[in-house]
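Trainee: Quick one: the structure is below, questions incoming.
What follows is calculated from the coordinates using simple rules that are stated; it is not laboratory data. Remember, predicted model here, so these are calculated numbers, not experimental data. Using ideal geometry, Cβ is built from the backbone for each residue, glycine included, and neighbour counts are taken over all protein chains shown.
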Amino acid sequence: MNNREVLATNIKSLMKSAGIRTQTQLARITGISQTQIGNILRQDKAASIDMLVRLANGLNCEPWMLLSPVALLEKFVNTDFVPLVYCYVRLPQSDQDAVWDMTHELYEAANGIYSS
């Protein structure tokens, strides 16, 4: 799957998850013209970095999610983890580090309990 195909597939999947039914709706939400969105979804044109950011904001995801292979993206879409991931990636880096450290400590503590 090439990059344009990955992007188009992920946008369509995220649109469905967000309840966005048409390119026109997505255009209104993102401020990107419907023509440009259509070109991206048909894989006729590449999206600029600015467009990726606007699409990600409109689809309530991170820009990297638009470019990730579909198999990886599906692990984040349509699961109970979406709100958690959404909140985590919007934390300041210091808070992300604190969450990571706490999670690691809990994992280590649980691992110690189960290995005894």
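Trainee: Please specify each residue of region 26-61 satisfying the condition of being within 16 Å of N2 (Cα to Cα) and charged (D, E, K, R).
Mentor: The answer is R42, D44, K45.
Trainee: Among the candidates I11, I32, I40, which residue alone is over 15 Å from the mean Cα position of the chain (by Cα) and either part of a helix (DSSP H, G or I) or of a type in the set (D, E, K, R) (or both)?
Mentor: Exactly one residue qualifies, and that residue is I40.
Trainee: Which of the residues belonging to region 1-17 are polar (S, T, N, Q), within 19 Å of D50 (Cα to Cα) and out of contact with any helix residue (DSSP H, G or I) (no Cβ under 6 Å at 6 or more places or on another chain)?
Mentor: Matches in region 1-17: N3 only.
Trainee: Which of the numbered conditions does I20 fail, given that it passes all the others? Conditions: (1) closer than 13 Å to G58 by Cα; (2) assigned to a helix (DSSP H, G or I); (3) in contact with a helix residue (DSSP H, G or I) (Cβ under 6 Å, 6 or more places away or on another chain); (4) in contact (Cβ under 8 Å) with a residue 12 or more places away in the chain.
Mentor: Among (1) closer than 13 Å to G58 by Cα; (2) assigned to a helix (DSSP H, G or I); (3) in contact with a helix residue (DSSP H, G or I) (Cβ under 6 Å, 6 or more places away or on another chain); (4) in contact (Cβ under 8 Å) with a residue 12 or more places away in the chain, I20 violates only (2).
Trainee: Let me ask you something else. Give the residue, chosen from I49, I40, that is out of contact with any Asp or Glu (no Cβ under 8 Å at 6 or more places or on another chain), surrounded by 19 or more Cβ atoms within 10 Å (Cβ to Cβ) and not charged (D, E, K, R).
Mentor: Only one candidate passes the filter, namely I40.
Trainee: Is it true that some residue in region 37-44 is touching a residue at least 24 places away in the same chain (Cβ under 8 Å) and small (G, A, S)?
Mentor: no
Trainee: Still on this structure: Among the residues of region 56-70, which ones are among the hydrophobic types (A, V, I, L, M, F, W, C) and not in a loop (DSSP other than H, G, I, E, B)?
Mentor: Scanning region 56-70 gives A56, W64, M65, L66, L67, V70.
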